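Derivation of every value follows stated rules applied to the coordinates shown; laboratory data play no part. If you're wondering where the values come from, they're calculated on a predicted model, not measured in any experiment. When we count neighbours, we look across all protein chains shown, and the Cβ atoms used for this are built from the backbone with ideal geometry, even at glycine.
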Amino acid sequence: MPTARLAHLTLAAALWAVWPAPVAHAQVQLPALGDSVSGDMDILAEKRLGERIMRELRRDPDFLDDPTLSEYIDALWQPLLAAARARGDIDTDIDRHYGWDTFQVQDRSVNAFALPGGHVGINLGLIGMTATSDELASVLAHELTHVTQRHIARGMANSARQSTASMAAMILGLIVASRARSADAAQAVIMGSQAAAIQGQINFTREMEREADRIGLQLMTTAGFAPGGMAAMFEKLEANGRLNDNNLYPYLRSHPLTIERISEARLRMQGSAATRTPTLVWHALMQARAKALMDRSDTALQRLQAQAAPGAPVADLPRLAQLYMAGLASMLLRDFDKAESAIQSGLTLATQRFAQEPAARRAFMLLKLELPVQQGKPRGTLVAALADLGGDRSRPALLARAQLALVWQRAGDPAATPVLRSSLEDLQTWVVEHRNDALAWQMMSQVADGQGLRLRALRAGAEAAAAGGDVLGAVERFRTAQQIAREDPASDYVETSVIQSRLRELEAERRKMMAEARGERVD
């Protein structure tokens, strides 16, 4: 086990130790929460609980924000959110305070989970086993329903007297235990009859699961997804879990699948039809990306690389996905010649056989732009590389454009300077609307530093830390930036004012965190 993973497991196990008295459980469920309504766990308390959990999760080396995958998941998530708002499932207070974001976990087990405050995690293994966007959307809709119906807060009713830190520790312990590769590891985390009792309090009841099925299916239909995706996902999970569980299907244990639930999903879909155009090609390529990223061992990557060898299946969608997997796997193996060959073959196939599906060519173009970044050296000219992006203003394109300019700048290409300048402006516009985008802030910091804008780079780096949940690190960076601004009479007044304002906000947040750590109630 990697040292970073072991350290994180140790941290979570230590956090879990706030619950005393030993008892062993062989299988552990994710925090599937829900029962009676709680008057104590209000919206702001739930928001703070979710933020505390996310701060810890972002430190996990398997926490992932892959821009290409995130863009695809968001394309499914946003219509579901819009449907929930249209149906009245999300009231004004919840909408304003919750995060409503998704993230990926670099783990090959089939799992997804909802957290307090509107955060939903999706394991790459789950993305990798879905055959259609409708199947993946059904999981997102189910987990979103757990959030909108406030199952989490309702399940915390009996534990509301505990501090936010204690509840965060409990949920983190459950998440870590669910990812353990053995029963012994799970037992090492869950170590008490009181812990077991609390786990029992917060497990989603069968009624809450039925509610998530029913409302989730309605959300799918309102959002235009094929309702059959939920039943198909249930059947696939049940079949795969029954034949070959071996700890890779924790979603089955936290969301028990019964013949009754599968039948109900089939019955509810009758008379409904999809109104959204299926994204078969885009899903197949993102499924391929998830498969390549979820297990980065040499053996797994070499197996994916070999699938694109000559003599593989005919030129169709599976072949396109194989080429994408092989290109990314080869890149991760640092076998750049094979990566370039697979990507070029994929581009050719996308152009010839999938000309009516722009997502196919775009996916390979974005993958191609990862090559010089992984290599750390440019091939050809920056102008030629940027031509692949055209007028694409999406998040993956903005980040790719900035990364490429930095690569070419390090190689001494003067053409990188105007690109860096425009990238800085584009990223600044982006983060105004997406303040919590840690990756964009981090890239903005690197671009500003590449232009010699030290104060701006420090501020962006501080915002990246804050968006990533590292409040203490953000405060230290803002203090450094404030000191530099004071010492430089020519420093930008607006930038200095923003730094001072944000420092005050984050110092207040730090005081709240310290009060929570002491077990004090924070309003």
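Quick look at the numbers
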| item | result |
| --- | --- |
| Alpha-carbon centroid distance for the pair the range 78-109 / the range 369-384, whole angstrom | 36 Å |
| Theoretical FRET efficiency, 1/(1+(r/R0)^6), r = Cβ-Cβ of Asp492 and Asp298, R0 60 Å, to 0.05 | 0.80 |
| Cβ-based net charge around Glu463, under 10 Å, with every Lys or Arg adding one and every Asp or Glu removing one | +3 |
| Candidate lysines - alpha carbon under 26 Å from Lys236, same-chain residues fewer than 8 apart omitted | Lys291 |
| Förster radius 22 Å - calculated FRET efficiency between Asp316 and Lys236 (Cβ-Cβ, nearest 0.05) | 0.55 |
| Surrounding net charge for Ala485, when Lys and Arg each add one and Asp and Glu each subtract one, Cβ distance under 13 Å | +3 |
| Summed residue charge, Cβ within 13 Å of Ala306's Cβ, Lys/Arg positive, Asp/Glu negative | 0 |
| Label-point gap, in nm, between Arg210 and Thr92 - each point 7 angstrom along Cα→Cβ | 3.5 nm |
| Gained length - Ser341 relative to Ala384, 0.36 nm times residue gap less alpha-carbon distance | 13.7 nm |
| Candidate lysines - alpha carbon under 18 Å from Lys377, same-chain residues fewer than 8 apart omitted | Lys338, Lys368 |
| Cα-based Rg / Dmax (Å) for the range 402-487 | 13.0, 38 |
| Theoretical FRET efficiency, 1/(1+(r/R0)^6), r = Cβ-Cβ of Ala131 and Ala75, R0 25 Å, to 0.05 | 0.90 |
| Peptides 407-420, 381-394 ordered by average Cβ neighbours within 10 Å, highest first | 407-420, 381-394 |
| Value of relative contact order over the range 326-472, rounded to a whole percent, pairs C-alpha under 8 Å and six or more apart | 15 percent |
| Residues in the range 330-373 reached by a label modelled at Arg410 [backbone nitrogen below 12 Å; 7 Å Cα→Cβ] | 372-373 |
